[in-house]
Amino acid sequence: MTHLPPALRRRIPKPADLRPLLQFKPPVVGQAARLRRASTIWDLRDMARRRTPKAPFDYTDGAAGEEITLNRARAAFRDLEFRPGVLRNVQRIDTGVQILGARSALPFGIAPTGFTRMMHSEGEYAGARAAAAAGIPYTLSTMGTASIEDVAETAGSGRNWFQLYLWTEREKSLELIERAAAAGYDTLMVTVDTAVAGERLRDVRNGMTIPPALTLKTVLDASYRPAWWFNFLTHEPLAFASLNRYSGTVGELINSMFDPTLTFADLDWLREVWKGKLVVKGIQTLDDARKVVDHGADGIVVSNHGGRQLDRAPIPLHLLPEIAAELKGRTAIILDTGIMNGGDIVAAHALGADFTLIGRAYLYGLMAGGQAGVERAIEILGAQVRNTLALLGAASMSELTEDHVRLPAGAAVSGSAAALTRTTWAQRN
Ligand SMILES: Cc1cc2nc3c(=O)[nH]c(=O)nc-3n(C[C@H](O)[C@H](O)[C@H](O)COP(=O)(O)O)c2cc1C
């Protein structure tokens, strides 16, 4: 028989060997413990789906048409490659950035989202409070389901921005702007990618209405999401921050809100009447970025509305290098659409963004657990930002450069000088 070293010989386990291995813990109960188990935004999405009726979940999770834009935007972040630097001192990481005249503790803020109390009864209040606690800006939508004043009050000393859909009737817009200014909102974000509503096919298929209707289908759905319905029915009915009470399908509501006659002249008018920072959201070409900056915008949001408007729209991450090459320093460049990981945020900053916004990433947290869920989403993204920075060898956001990221060949918008200066797989390999 061959001689076996002692470590490879079988023996009966001794109780002293087993003791350190036995780690029976009480089962995880309660919301806080459940949220703690989520390590990624995708985990929060799974929890959100289990807890939210199908129609509001799909309204949030879905996009326009065949959802090609949203899938491509997320894939763009997955497909990039980081280029880390080693042997840098990254013991202390600073995730803060200056944006539109003030500091944000993290390089992202909360994007405007409509109907938020439909996703969870804490809605806008949860978003504003969680943002204030984290030291990041919160944007209230014109289609928000809490009033401009109530959100300002709930956010305490938090920083709020107001997103505007312009109407043909300027009086109505003016009234909202004045209320936002009086309530201390420092930035007005005018959304311009919504001449008409996108084709939200999931909503059509689900027969989604605002407020959600009690049909046989929704009642059956409610039977295994009782907490959502209990919350929904025991809180104040859904009403809009800035609109009169409405009931109808989402598409009808949106189309009644959006104004297809808007032009740059309306932007000029807005620039005159709003004294704070003015940001234009929904920029999808370099040419339009230039134009709105020439018309006085302090910032632009390079965005395709989370893929919820035009399907097969430009991908903001791919457009970014070209826009940054020309406009960095002249205007605040903000990016959204597709962010599901702190690494995505770091990559966007490396490619020229001054700030980023999260839409669904925070809404999944909200649906998973109200304000605590939004806090968890912010915490997850913040930790991922810190980790990515450290592993890239950058101690702060300002140390990021375009050399930290490679986009695959053909990803950057072709034909521009900026795109040619960007490293591509083809050039480097
Ligand atoms: C449920 C939902 C509602 C939205 N409502 C608005 C809105 O009222 N106004 C607006 O400008 N953008 C709205 N958006 C777009 C977001 O502001 C943002 O551009 C988008 O969510 C970014 O993509 P992401 O969800 O992949 O982060 C909404 C997005 C979602 C998911």
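Here are the numbers for the structure shown:
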item: Scope region 373-389; condition farther than 11 Å from Gly343 by Cα and either out of contact with any helix residue (DSSP H, G or I) (no Cβ under 9 Å at 6 or more places or on another chain) or open to solvent by 40 Å² or more (accessible area, probe 1.4 Å) (or both); matching residues; result: Glu375, Glu379
item: Tally of residues being farther than 11 Å from Leu164 by Cβ and more than 13 Å from the ligand (Cβ to nearest atom) across region 180-194; result: 5
item: Test for Gly369: is it touching a Leu at 6+ places or on another chain (Cβ under 8 Å), more than 15 Å from the ligand (Cβ to nearest atom) and farther than 25 Å from Arg92 by Cβ; result: yes
item: Residue ranges of helices (runs of 4 or more DSSP H) in region 250-297 with at least 1 members of a type in the set (A, V, I, L, M, F, W, C) and farther than 20 Å from Pro321 by Cβ; result: 250-257, 264-273
item: Residue tally, condition more than 14 Å from the ligand (Cβ to nearest atom), closer than 19 Å to Thr187 by Cβ and either in a loop (DSSP other than H, G, I, E, B) or without any contact (Cβ under 8 Å) to a residue 40 or more places away in the chain (or both), over region 332-357; result: 2
item: Qualifying positions in region 117-147 - modelled with pLDDT of 95 or more, within 12 Å of the ligand (Cβ to nearest atom) and assigned to a helix (DSSP H, G or I); result: Gly123, Glu124, Gly127
item: Within region 317-331, tally of residues that are more than 25 Å from Leu363 (Cα to Cα), hydrophobic (A, V, I, L, M, F, W, C) and either within 15 Å of the ligand (Cβ to nearest atom) or outside any helix (DSSP H, G or I) (or both); result: 1
item: Matching residues, region 103-114, being near the ligand (Cβ under 7 Å from one of its atoms) and either touching a residue at least 40 places away in the same chain (Cβ under 8 Å) or crowded, with 24+ Cβ neighbours inside 10 Å (or both); result: Ala111, Pro112, Thr113
item: The one condition in (1) in a helix (DSSP H, G or I); (2) at pLDDT 95 or above; (3) surrounded by fewer than 20 Cβ atoms within 10 Å (Cβ to Cβ) that Gly184 fails to fulfil; result: (1)
item: Residue in region 402-414 that is at pLDDT 95 or above, more than 16 Å from the ligand (Cβ to nearest atom), β-branched (Val, Ile, Thr) and within 30 Å of Asp61 (Cβ to Cβ) present; result: yes
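Conditions (1) crowded, with 19+ Cβ neighbours inside 10 Å; (2) over 16 Å from the mean Cα position of the chain (by Cα); (3) within 15 Å of the ligand (Cβ to nearest atom); (4) farther than 17 Å from Pro112 by Cβ, marked per residue:
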residue: Glu272; (1), (2), (3), (4): no, yes, no, yes
residue: Arg290; (1), (2), (3), (4): no, yes, no, yes
residue: Gly296; (1), (2), (3), (4): no, yes, no, yes
residue: Gly299; (1), (2), (3), (4): yes, yes, yes, no
residue: Ser303; (1), (2), (3), (4): yes, no, yes, no
residue: Gly307; (1), (2), (3), (4): yes, no, yes, no
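For (1) of a type in the set (Val, Ile, Thr); (2) exposed (fewer than 14 other Cβ atoms within 10 Å of the Cβ); (3) in contact (Cβ under 8 Å) with a residue 12 or more places away in the chain; (4) not in a helix (DSSP H, G or I), each residue gets a yes or a no:
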residue: Leu18; (1), (2), (3), (4): no, yes, no, no
residue: Lys25; (1), (2), (3), (4): no, yes, no, yes
residue: Ala33; (1), (2), (3), (4): no, yes, no, no
residue: Ala38; (1), (2), (3), (4): no, no, yes, yes
residue: Arg45; (1), (2), (3), (4): no, no, yes, no
residue: Pro56; (1), (2), (3), (4): no, no, yes, no
residue: Tyr59; (1), (2), (3), (4): no, no, yes, no
residue: Gly65; (1), (2), (3), (4): no, no, yes, yes
residue: Arg72; (1), (2), (3), (4): no, no, yes, no
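Let's see how each residue does on (1) over 20 Å from the mean Cα position of the chain (by Cα); (2) buried (at least 20 other Cβ atoms within 10 Å of the Cβ); (3) among the aromatic types (Phe, Trp, Tyr); (4) over 28 Å from Glu67 (Cα atoms):
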position	(1), (2), (3), (4)
Asp150	yes, no, no, yes
Gly156	yes, no, no, yes
Phe162	no, yes, yes, no
Leu166	yes, yes, no, no
Glu171	yes, no, no, yes
Glu175	yes, no, no, yes
Thr191	no, yes, no, no
Gly198	no, yes, no, no
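The values are calculated or read from the model by the stated rules, or taken from the named source; none is laboratory data. Note that this is a predicted model, so its numbers are computed, not measured. Cβ: placed from backbone, ideal geometry, glycine included. Neighbour counts: every protein chain shown. SASA here: full protein model, heavy atoms, side chains in, ligands and nucleic acids out. Shrake-Rupley method; radii C 1.70, N 1.55, O 1.52, S 1.80 Å.
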